[in-house]
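Engineer: Structure incoming, see below.
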Amino acid sequence: MGKKEERLRTTWISFGAVILACTILAFSFAQAQQAPATKDTMTTVMRSCSACHDTARVCRALGTRDAAGWERTIKRMVAKGASLGTEDIQAAAGLLATLAPGSKPVCK
């Protein structure tokens, strides 16, 4: 293999490594954006949501929204009187976005 072919091969290998690194970083960033499902966050969600309606309503919506969609919904509920702080809203939205349809304890 000549020098030209070797440089071309090295360029493609470098390009592939950069693409792989970017993919790994993007995946890591996406995972970091989701709030961890903590017991405290679940307790807050269950307490706050069930204060005004049955959690079956929340259960039916699991798997239909991302974190931003849940945040919009929760902020609308706060405007109607739900008691959640800014950090709780973000944590609850992150948690609800990660729950699969039928997840307990939201879905009894």
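Engineer: So what's segment 37-108 giving for Cα Rg divided by 2.2 N^0.38 Å, two decimals?
Structural biologist: It is 0.95.
Engineer: Right, another one. Run the reach check for residue 108 against lysines, Cα to Cα strictly under 23 Å, same-chain hits fewer than 8 apart removed. What comes back?
Structural biologist: 39
No value in this document is a laboratory result; all are computed from the given coordinates. What you see is a predicted model, and the numbers here were worked out from it, not measured in a lab.
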